[in-house]
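The values are calculated or read from the model by the stated rules, or taken from the named source; none is laboratory data. Just so it is clear, the structure is predicted and the values come from calculations on it, not from any experiment. All Cβ positions, glycine included, derive from the backbone under ideal geometry; neighbour counts span all protein chains shown. With ligands, DNA and RNA removed, areas are computed over all heavy atoms of the protein, side chains included. Shrake-Rupley method; radii C 1.70, N 1.55, O 1.52, S 1.80 Å.
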Amino acid sequence: MAKEKVPYYVHAIKQDNDLGENIDSYAAVPRIMLASLDTKEFVNKIALGLLNIWNSKDISTVPFSVGPSYENLDKYRAASGRRTYTLDSFYQDESELAYLLTHYTESQDLALLIADRNYYDTCLPYSNSWTEQGEIPHGSPADLAEKTNTPVLLVVNLSNFSFTSLSKISGILDFRNDQQIAGFILVGDNKHDLEEAADLVESEFGIPVFGCFADKPSNEGPSLYRVIPQLAKDTWEKNLEDVSQAVMESLDINKILRLARRAQDLGDEFPQDLFQAQKLIGFSNEKFNLAVARDQAFNEYYQENIDILEEMGANIIYFSPLIDPILPSKVDGIYLGSGNIQEYIGQLSKNESLRSQIRRLAGQGMPILAEGAGAIYLAESYVSRQGAVWPLVGVLPTQASINESKTKRFYAKLNSRREDLLGKSNNTIRCLMSNEYTLDPEGASYRALIKGEGHSMKVFSTSTIWASQARLHFYALPSGIAKFALTCMRKDIMDQ
């Protein structure tokens, strides 16, 4: 690897390891990314260990999940003791990403960006990712690292190490002329072999190794959405303690901190889309009550989505479609997120009083925003694999069933055909599209160009309803969310 490819902060660390301890040299947003090279489970283990260690040392660290997955948000939150956020360069440009990082790390010590998806992988189809110009794939962890100028520690699996294994590292460094990879963490099942490999890696590439983590990849324990049963909690805490101890013994924690503090300062330009959304709201203090579904069936929410709703005047009131017989009193709108609805479809169907109330309020003009599983809940019914038909809310004129083909989720752009709850005609929304369920018929409010399908119609929408299997990141459409908030404020809904 040519020496000029080595990132600037690698030279700085090699020249003076102690300089990073000077508070005057800290970046305004100290940050570092853990990224994967076929090491997803290792990345998550190391991230959990670092978050827990820094939390115990009163180093306030904000976790950011890289990419559209909700999978580990709850675990990062539990390990760090802080809210977890999401960054995705498909949804946001450089100014918006800089705003999110700056906004959520204000008065905090550090941001840890966790990319368990492979470094150059994206949810775009391969044909859209590959370019003859050798560009970094849009929406990949590498793309985010470049757009935010974030130093990257690449976690590389060198089990069964041989000299040929170095070609894997050489390939990733030369593949897209990446300037953000600042170091490696080597993982595998033999500590002695990894330490020998570390010497070879540093001499071959001139980039430091920050530790050798010998362990077997495994899941980090149970999912922890809201309430952790005591047995699961005890198991989780014991696993976290063991992982933290292993990380402490294996990695140079202080060296990682010094690298994070050398990250370049981010731009301070306020995103114009967000400014326009605030203008729509009118910078007023007007409030509205928003009922948000949250339980075992509805639990996939980006924290930023809740935050931006609150910034636009929402008083969030959580409710459970599984057990609550009616909505909270005096609500002005409903937000149904996604989750594992399939396992709870019978219980949701049996809660007839709540289904009937939502259907009645929708008919009276109650604004409803539903994504992913939330849209399935609004269908007329769900047909199980065994052919059982479960009545659902009945707001959408469609019947839902599980898609038996391989489930895919992919980035998409939706273009609206008419004005609706989230925007005007020809409005474009970036989203994570899913075909987890089959809807018969499919919504026809938006057009999406999807590889292998051509132009297909998606989304059910009116002036008061927006529902789709698509997952939304609200900072990708702040004006649309402002329009939703205004609709909740101005609609004269009858008291429930």
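Within region 150-162, the presence of at least one residue that is at pLDDT 95 or above and either open to solvent by 30 Å² or more (accessible area, probe 1.4 Å) or in a loop (DSSP other than H, G, I, E, B) (or both) is confirmed.
Residues in region 145-179 that are aromatic (Phe, Trp, Tyr) and touching a strand residue (DSSP E or B) at 6+ places or on another chain (Cβ under 9 Å): 161 only. In region 253-270, of all residues being in a loop (DSSP other than H, G, I, E, B) and aliphatic (A, V, I, L, M), the one that is nearest to residue 155 (Cα to Cα) corresponds to 263.
In region 43-60, the residues that are among the hydroxyl-bearing types (Ser, Thr, Tyr) form Cβ pairs under 6 Å with partners that are open to solvent by 30 Å² or more (accessible area, probe 1.4 Å), at six or more places apart or across chains, as follows: 60/108; 60/109. In region 258-293, of all residues being among the aromatic types (Phe, Trp, Tyr) and either open to solvent by 20 Å² or more (accessible area, probe 1.4 Å) or touching a Pro at 6+ places or on another chain (Cβ under 6 Å) (or both), the one that is modelled with the lowest pLDDT corresponds to 283. Applying the criterion of being crowded, with 21+ Cβ neighbours inside 10 Å and not hydrophobic (A, V, I, L, M, F, W, C) to the residues of region 47-67, the residue that is nearest to residue 431 (Cα to Cα) is 67. Taken over region 68-84, the criterion of being surrounded by 22 or more Cβ atoms within 10 Å (Cβ to Cβ), outside any helix (DSSP H, G or I) and either small (Gly, Ala, Ser) or modelled with pLDDT of 95 or more (or both) is satisfied by 84 alone.
Number of residues in region 368-415 that are under 24 Å from residue 68 (Cβ atoms), among the β-branched types (Val, Ile, Thr) and in contact (Cβ under 8 Å) with a residue 60 or more places away in the chain equals 3.
The residue pairs whose first member lies in region 336-349 and is on the phi > 0 side of the Ramachandran plot, whose second member is of a type in the set (Gly, Ala, Ser) and assigned to a helix (DSSP H, G or I), and whose beta carbons are closer than 9 Å, counting only pairs six or more residues apart or on different chains, are 339/373; 339/374. The set of residues from region 118-140 being outside any loop (DSSP other than H, G, I, E, B) and modelled with pLDDT of 80 or more comprises just one member, 118. Checked against the criterion of being within 19 Å of residue 42 (Cβ to Cβ) and modelled with pLDDT of 90 or more, region 165-181 has at least one qualifying residue.
Taking the numbered list (1) modelled with pLDDT of 95 or more; (2) open to solvent by 40 Å² or more (accessible area, probe 1.4 Å) in turn, residue 296 passes all entries but (1).
Evaluated against (1) open to solvent by 30 Å² or more (accessible area, probe 1.4 Å); (2) modelled with pLDDT of 90 or more, residue 185 falls short on exactly one condition, (1).
Between 467, 400, 448, the distinction of being open to solvent by less than 10 Å² (accessible area, probe 1.4 Å) and modelled with pLDDT under 90 belongs to 448 only. Residues being in contact with a Cys (Cβ under 8 Å, 6 or more places away or on another chain) and more than 19 Å from residue 322 (Cα to Cα) are entirely absent from region 396-408. Scanning region 315-329 for any residue that is over 21 Å from the mean Cα position of the chain (by Cα) and within 17 Å of residue 421 (Cβ to Cβ) turns up nothing. Hey, among 318, 344, which residue is of a type in the set (Phe, Trp, Tyr), more than 30 Å from residue 62 (Cβ to Cβ) and either open to solvent by 40 Å² or more (accessible area, probe 1.4 Å) or not in a loop (DSSP other than H, G, I, E, B) (or both)? So the residue among 318, 344 that is of a type in the set (Phe, Trp, Tyr), more than 30 Å from residue 62 (Cβ to Cβ) and either open to solvent by 40 Å² or more (accessible area, probe 1.4 Å) or not in a loop (DSSP other than H, G, I, E, B) (or both) is 344. Contact annotation: residue pairs with Cβ atoms under 6 Å, 6 or more positions apart or on different chains, pairing a residue in region 435-447 that is in the same structural domain as residue 380 (by the TED database) with a partner that is surrounded by 17 or more Cβ atoms within 10 Å (Cβ to Cβ) and part of a loop (DSSP other than H, G, I, E, B), are 443/459; 445/459; 446/459.
Note on region 384-397: residues that are open to solvent by 40 Å² or more (accessible area, probe 1.4 Å) and under 19 Å from residue 458 (Cα atoms) amount to 1. Residue 316 falls short on exactly one of the conditions (1) among the β-branched types (Val, Ile, Thr); (2) at pLDDT 85 or above; (3) within 17 Å of residue 75 (Cα to Cα), and that condition is (3). Residue count for region 414-435 under the criterion of being at pLDDT below 90 and surrounded by fewer than 19 Cβ atoms within 10 Å (Cβ to Cβ): the result is 1.
Being within 22 Å of residue 64 (Cβ to Cβ), in contact with a helix residue (DSSP H, G or I) (Cβ under 7 Å, 6 or more places away or on another chain) and touching a residue at least 12 places away in the same chain (Cβ under 8 Å) holds for only one residue in 274, 290, and it is 274.
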